[in-house]
Amino acid sequence: MIHSIMLTHEEKQALKEHHINTFWRFVSATNSTALELNGKLCLEVNRHNIDLFCQQYCDDDVIDMQLINGRIYVAAKWLCALASDSEILALKPEHTVN
């Protein structure tokens, strides 16, 4: 995702929250797993959610993915522009199991 440096602080904050909420909605809607892996918050992409993942994030320019033991993990901060892992976790809905 490319973001304008011309955004105001309020616009950046709103954009960050939008991306974080989108991330957690995806996790909930697809029963995906969000976990810490190698010190990073990651989303596990599997055969059940890969098509939806590609549809949701097809316009992203760069995504940090790792293939470990046949599983695909995507760093959450690449899906939640401008947000740190702690900010993403802080907005995790209470009803989310993962």
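The values are calculated or read from the model by the stated rules, or taken from the named source; none is laboratory data. Keep in mind that what you see is a predicted model, and the values were worked out from it rather than measured. In this analysis, Cβ positions are derived from the backbone assuming ideal geometry, glycine residues included, and neighbour counts consider all displayed protein chains.
For the reader, a short list of remarks on this structure follows.
- Test result for Ile72, of a type in the set (Val, Ile, Thr), modelled with pLDDT of 90 or more and not in a helix (DSSP H, G or I): yes
- Residue within the stretch 12-26 that is without any contact (Cβ under 8 Å) to a residue 24 or more places away in the chain, under 13 Å from Leu82 (Cβ atoms), surrounded by 11 or more Cβ atoms within 10 Å (Cβ to Cβ) and acidic (Asp, Glu) present: no
- On the stretch given as the stretch 7-66, residues that are within 14 Å of Trp78 (Cα to Cα), in contact with a Leu (Cβ under 8 Å, 6 or more places away or on another chain) and assigned to a loop (DSSP other than H, G, I, E, B) total 2.
- Single residue of Gln56, Gln66 found to be over 18 Å from Trp24 (Cα atoms) and surrounded by 11 or more Cβ atoms within 10 Å (Cβ to Cβ): Gln66
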